Amino acid sequence: MVSPAVAVLLIWMIVPLAMTIWFSFQQYNLLYPDRTGFAGIENYYYFITDFRFQPAIWNTLRLVLGVLAITTIGGILLALLLDQPFWGQGIVRLLVLAPFFVMPTVSALVWQNMFMDPVNGLFAHIAKAFGGDGYDFLGQSPLMSIIIMVAWQWLPFATLILLTALQSLDREQIEAAEMDGASVWSRFIYIILPHMTRAITVVILIQTIFILSVYAEILVTTNGGPGTASLNLPFLVYLASIVDNDVGMGAAGGVIAIILANIVAFFLMRAIGKNLEH
Amino acid sequence: MPRRISNSQKTMTTVAAWTIGVLIFFPILWIFILSFKAEGDAIGTPLHVISSAWTFDAYGEVQGRSDYFKHFWNSVVLSLGSTLIGLAIAIPAAWSMAFVPGKRTKDLLMWMLSTKMMPAAGVLVPIYLIFRDLGLLDTRIGLVAILTLVNLPIIVWMLYTYFKEIPGEILEAARMDGASLRSEILYVLTPMAIPGIASTMLLNIILAWNEAFWTLRLTAASAAPLTAFIASYSSPEGLFYAKLSAASVMAIAPILIMGWFSQKQLVRGLTFGAVK
């Protein structure tokens, strides 16, 4: 009964993967259909030495680290806050969770136009009210703007997971520590944080997997620009293969993206695999 | 003994939590407000936006600009279709792995999970070419297939963690009472499995609805779901804040409501059972 699921996933994994690897060693440019044949490592060479490659790698890392920093630290603080007793807990949880369900294209366009637009955006209106000028977020700091958009979508995820982990913490342990005179800080460091370590690991790894492949937000806002300022690896693969029609080079970029994701996946799988033991 | 919390402390937490909650939710609230404004008012200062007249015009114009409900329907077909096919494939698999685990079950589950780690950009080239050659570009059937495959590992995993929680003893008890295999499945297991299947379905519809790599790359006009339709506002003509807001509100409202109902399952589904 497992076989249908295994079969389709096997095909889904092996066929495109094999084709990507195959194409990455072929001369295959839709603009020059007569140039074919084995290309050796030429595609990889051209992809890596492309002037857009280095910025793309750095932007990919900055994007991942930027979003992770905001969502993980913000998520821990928010989870700690929402775990306290207060009026309207259920409603606030719903409010905090909401951005996670907003589709990436909506989130990106709403932030770009209604908030970050230098003329009509809400931030510009607020700046003008204080005698300032509208700031061109996507023109001046495109990557930072995209980090804000993506972090807004993923902060709810981190908060929810960490809150769930926090709520499974044994209350009596905290109370015992409190009675023994442990300060808020040492309670956090010695009891709460160790309890949340696994959840934090999972949050970081899962988000990394998703944020490594951020694409829609860039497509609808900056298209990777200005210049290469907000270009990341998936977007460069798209530019090379679909826009520049160089299938071979795009495939080589795809292989590099797969290798990068697999390094993260390796650690994620270990963290999740441990859970199956018991 | 519950911890005693002073009222002033609780009030402070309440103020802090509500402030942050409203701030995080604010962009959604704001487009909700903008969607009921005239285009000329929607670009005004926040005070002007709040005080200007309310209107339903934007919702009508969204439909007029291009066939909104066609794209909405595409989203429904894609997310429901891929979820139902996914469930049909995953239920037998998860079922047998949970109730008749073999030596390889764990490896199999981990391997399925690993297929989810493959970045879409890595296989964009072959999928695009296969779709082009088979005439599947911009068809709903092609996208349903891709979305099914993309989310199948999550469906199997979620179902597996739910099925795993159904106690095996209950089957023995039923068998002692003389239940046949058929009635065992029909009257004992199915009712216990339905809540898990329902939550899996809900979460998967949400994920498929919001998927924004394949839907953007593999569709053009006819099969485009809302993700792709909204993306067309990235090169707008004239004033468009109210229209974009109205289109966005309609695109996210159904999923937001479903998401709120599925928040507990979300944790389990998206962490592959690692956090419950």
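Using only DSSP helix segments of four residues or longer, with each worth -39500 (n - 2.57), what per-residue ellipticity at 222 nm results for the protein assembly as shown after dividing by its residue count and rounding to 500?
Result for the protein assembly as shown, helices only: -22500 deg cm²/dmol.
Enumerate the amide H contacts of A:Gln26 below 5 Å, restricted to partners 5 or more residues apart or on another chain; note that Pro and chain-start residues carry no placed amide H.
Excluding prolines and chain starts, which carry no amide H, the hits are A:Ala39.
Can you list the DSSP H helices in chain B whose Cα atoms extend at least 18 Å along the helix axis and whose mean Kyte-Doolittle hydropathy is -1.0 or higher?
Length and hydropathy pass: B:7-34, B:68-99, B:120-134, B:140-164, B:190-210, B:241-261.
Whose amide H sits under 5 Å from the amide H of B:Ala224, counting only residues 5 or more places off or on another chain, with H placed in the peptide plane?
none
Between A:Val184 and A:Leu31, what's the calculated FRET efficiency when r is the beta-carbon distance and R0 is 56 Å? Round to 0.05.
0.30
For the stretch A:41-277, compute Rh as the Kirkwood radius over C-alpha pairs and then the Stokes-Einstein diffusion coefficient at 25 °C and 0.890 mPa s; write the answer in µm²/s, rounded to an integer.
Rounded, D is 122 µm²/s.
Going from most exposed to least, what order do B:Arg217, B:Arg182 have by accessible area with a 1.4 Å probe?
Of B:Arg217, B:Arg182, the descending order of accessible area is B:Arg182, B:Arg217.
Find how much the distance from A:Ile48 to A:Ile73 grows on full extension, using 0.36 nm per residue of separation minus their present alpha carbon separation; answer in nm with one decimal.
Gain on stretching A:Ile48 to A:Ile73: 5.6 nm.
Using a probe of 1.4 angstrom, how much of the accessible area of the stretch B:134-276 is carbon and sulfur, in percent?
66 percent
Charges on Cβ only, +1 for Lys and Arg, -1 for Asp and Glu, centred on the Cα centroid of chain A; of A:Met249, A:Val264, A:Phe130, which one is farthest towards the dipole's positive end?
A:Val264
So who's got an amide H within less than 5 Å of the one on A:Gly225, skipping anything under 5 residues away but keeping other chains? H placed 1.01 Å off N, in plane.
Hits under the 5 Å cutoff: A:Ser230.
Using Cα centres only, tell me the gap between the stretch B:35-59 and the stretch B:153-198 in whole Å.
The two parts, judged by their Cα centres, are 53 Å apart.
At a 1.4 Å probe radius, carbon and sulfur cover how many percent of the accessible area of the stretch A:82-182?
58 percent
Picking from B:Met110, A:Ile21, A:Gln153, whose Cα lies most toward the positive end of the charge dipole for the protein assembly as shown (charges on Cβ: Lys, Arg +1; Asp, Glu -1)?
B:Met110
With a 1.4 Å probe, what is the total accessible area buried between chains B and A, in Å² rounded to the nearest 100?
8600 Å²
With only alpha-carbon pairs counted, each pair once and no self-pairs, how large is the Kirkwood hydrodynamic radius of the stretch B:68-234 in angstroms?
One decimal place: 17.6 Å for the Kirkwood radius.
Quote the FRET efficiency, to the nearest 0.05, computed for B:Ser51 versus B:Asn7 with a Förster distance R0 of 35 Å and r equal to the Cβ-Cβ distance.
Computed FRET efficiency for B:Ser51 and B:Asn7: 0.40.
Considering protein heavy atoms only and a 1.4 Å probe radius, which residues within the stretch A:166-206 exhibit an accessible-area decrease of no less than 50 Å² in the full assembly relative to the chain by itself?
With the partner chains in place, the stretch A:166-206 has these residues losing at least 50 Å²: A:Glu175.
Lysine pairs in chain B 8 or more apart or on different chains: how many have alpha carbons under 29 angstrom apart?
Value for chain B: 18.
Could you provide, to the nearest whole Å², the per residue accessible area of the stretch B:68-234 with probe 1.4 Å?
Value for the stretch B:68-234: 39 Å² per residue.
Leaving out ligands and nucleic acids, note down the accessible area per residue over the stretch A:41-277 with a 1.4 angstrom probe, in whole Å².
That works out to 40 Å² for each residue.
With θ set to phi - 60° and the Karplus curve 6.51 cos²θ - 1.76 cosθ + 1.60, what are the ³J(HN,Hα) couplings of the stretch A:256-263 in order, to the nearest whole Hz, using x for Gly and Pro?
Listing the rounded values in order: 5, 4, 5, 4, 4, 5, 5, 4 Hz.
Report Rg (one decimal) and Dmax (nearest whole number) for the stretch B:187-249, counting Cα atoms only, units Å.
17.6, 60
Consider a paramagnetic label point 7 Å from the Cα of B:Ala38 along Cα→Cβ; state which residues of the stretch B:54-73 have an amide N under 13 Å from it.
Only B:54-58 pass the distance filter.
Can you pull the one-decimal nm distance between simple spin-label points at A:Lys128 and B:Gln63, each 7 Å off the Cα toward Cβ?
Here the modelled spin labels are 3.4 nm apart.
For A:His195 and B:Phe261, what is the calculated FRET efficiency with R₀ set at 25 Å and r taken between the beta-carbons, to the nearest 0.05?
0.35
Using a 1.4 angstrom probe with every protein chain in place, what is the largest-first accessible-area order of B:Ser51, A:Ser230?
B:Ser51, A:Ser230
Taking the Cα-to-Cβ direction at A:Ile41 and at B:Thr139 and moving 7 Å from each Cα, how far apart do the two end points lie in nm?
4.1 nm
Measure off 7 Å from each Cα along the Cα-to-Cβ vector at A:Lys274 and B:Glu169, then give the distance between these two points in nanometres to one decimal.
A separation of 3.1 nm, rounded to one decimal place.
At 0.36 nm per residue, minus the direct Cα-Cα distance, what do A:Ala18 and A:Asn245 gain on full extension? Give it in nm, one decimal, please.
Stretched fully, the A:Ala18-A:Asn245 segment lengthens by 79.7 nm.
If you find the alpha carbon centre of the stretch A:129-163 and of the stretch B:78-145, how far apart are they in angstrom?
Between the Cα centres of the stretch A:129-163 and the stretch B:78-145 lies a distance of 33 Å.
Which of the aspartates and glutamates could be linked to A:Lys128 by a straight reach, that is with a Cα gap under 19 Å, when you skip same-chain ones fewer than 8 residues away?
The reachable aspartates and glutamates, counting only those whose Cα sits under 19 Å from A:Lys128, are A:Asp117, A:Asp136, B:Asp41.
Enter the accessible area of A:Arg62 (Å², nearest 10), with the probe set to 1.4 Å and all protein chains included.
Taking all protein chains as shown, A:Arg62 has close to 130 Å².
Along the Cα-to-C-beta direction of A:Ile174, a point sits 7 Å from the Cα; which residues of the stretch A:72-114 have their amide N less than 16 Å from that point?
From the stretch A:72-114, the list is A:76-87, A:89-90.
The values are calculated or read from the model by the stated rules, or taken from the named source; none is laboratory data. For clarity, every value in this text was computed on a predicted model and none was experimentally measured. Neighbour counts run over all protein chains shown; Cβ positions are idealised from the backbone, glycine included. With ligands, DNA and RNA removed, areas are computed over all heavy atoms of the protein, side chains included. Shrake-Rupley method; radii C 1.70, N 1.55, O 1.52, S 1.80 Å.
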